[in-house]
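Let me begin by presenting the structure, written as structure tokens, before commenting on it.
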Amino acid sequence: MKVLFDGLACFATLYYLFALWCVVAFFSRKPFRLSNWTPPVSILKPVKGLDEAAFENFVSFCRQDYPDYEVLFGVGSKEDPAVPVIQRLIQAHPELDIQLVVLESMRAVNQKVGILDVLTQRARHDLLVISDSDVRVPPNYLKEIVSPFQEPKIGMVTCLYRISGSKNLPAALESMIIHLDFFPAVLVAERLEGLGFGLGATMAITRSALLTIGGFKRIADYLADDYLLGRLIHQAGYRVLLSTVVVDIIQEKLSTMGTHLQNLPAQGLFCQHSHPRRFLQHDLYSHQRLFTSRLGAPVHHGCRPFAHGFVDLGPISGGTGLAGCLAEFAFQRIYQRGDLGYRIFGKHCLLEKEHFPGGSRRPDDQG
């Protein structure tokens, strides 16, 4: 047993050393070459409820050092508390093309994606920048995000985010998790395999890449829309690039660590709760994709690459990480047995047999 734990400790130490190198290398990168190439851009912002410092977050998108862009806000109801704030923003910046789109009804299970589908139809430009409502950006944001699209094979540019403005312990702990867990996990995944997923804080895409994968309707019934959008674009033959820009998510206080999960609707991941089957199906499929790395490492589980293998096997959470990894492995083996997996999981989770091996293919199996 001592040998096992010594091995885990060595493995975790090597991982963190490699992760540290990846982080240092990332912050040593030069920004993408900037030029006078500034195509018009449509910024799409699905909104539900009010985030902390919402007006200031929205204003940061109106102060871009960029010549031609529009900002489209989408809400699911005219009663949404964000509506007056957006109207105030429009009045404060009459020089900009800012639109508020109110959707009273939609069929998409994931309402964020449903709103994005409508905003895309309203957008005038072919370069689309999607950003969550709680994001604050620097003035050079658009130039940095748009510049890589000079290369025709770039289909998506995404970026890391940090938690800013923490004023109590739960918020500070949340910030620490993002910076010490999420940052390294993404950068290690990028270094080992390249980026094949998107990060919801910012996803810049071309309209042609979006049409190639079937538009937002293709992911309208799935929760991890940022992961799936990036994955589908990557599988369609486009490159997914990580920008050197790091955006801020303003999160001053959390009453408990669980509050962040309860507040996900205010951050863009809002869905109709009347369709639990779809989310059970999506979660099952996320688990099915756990062991997909060429290196044999458990990557791309849900939205978090290396979620159970490398990160959670660190010195602090080695025991729970190992248990989680073994549980995922057992799930994977049972799942792959097809009929056995359906009998154990399918009937109890109200899943159809097609969601198990031998059934129909899922959206990101294409390509």
- [ ] Would you tally the residues in the stretch 124-153 being farther than 20 Å from residue 248 by Cα, out of contact with any Leu (no Cβ under 6 Å at 6 or more places or on another chain) and touching a residue at least 60 places away in the same chain (Cβ under 8 Å)?
- [x] 8
Task: Per-region count, the stretch 191-233, residues in a helix (DSSP H, G or I), under 25 Å from residue 22 (Cβ atoms) and aliphatic (A, V, I, L, M) - done: 4
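Condition check ((1) of a type in the set (A, V, I, L, M); (2) surrounded by 20 or more Cβ atoms within 10 Å (Cβ to Cβ)) across all residues:
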| position | (1), (2) |
| --- | --- |
| 152 | no, no |
| 178 | yes, no |
| 182 | no, yes |
| 192 | yes, no |
| 208 | no, no |
- [ ] Quickly run through the stretch 142-177 and pick out the residues that are at pLDDT 90 or above, in a helix (DSSP H, G or I) and not charged (D, E, K, R).
- [x] 142, 145, 146, 147, 148, 149, 150
Open item on the list: Just to check your reading of the model, which residue among 38, 13 is over 23 Å from the mean Cα position of the chain (by Cα), not aromatic (Phe, Trp, Tyr) and not assigned by TED's automatic domain parsing to the domain that holds residue 200?
Closed with: 13
TODO: Give the residue that is nearest to residue 142 (Cα to Cα), with candidates limited to residues of the stretch 46-67 that are of a type in the set (D, E, K, R) and either surrounded by fewer than 17 Cβ atoms within 10 Å (Cβ to Cβ) or touching a helix residue (DSSP H, G or I) at 6+ places or on another chain (Cβ under 7 Å) (or both).
DONE: 65
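The values are calculated or read from the model by the stated rules, or taken from the named source; none is laboratory data. If you're wondering where the values come from, they're calculated on a predicted model, not measured in any experiment. Note that each Cβ is placed from the backbone with ideal geometry, even for glycine, and that neighbours are counted across all protein chains shown.
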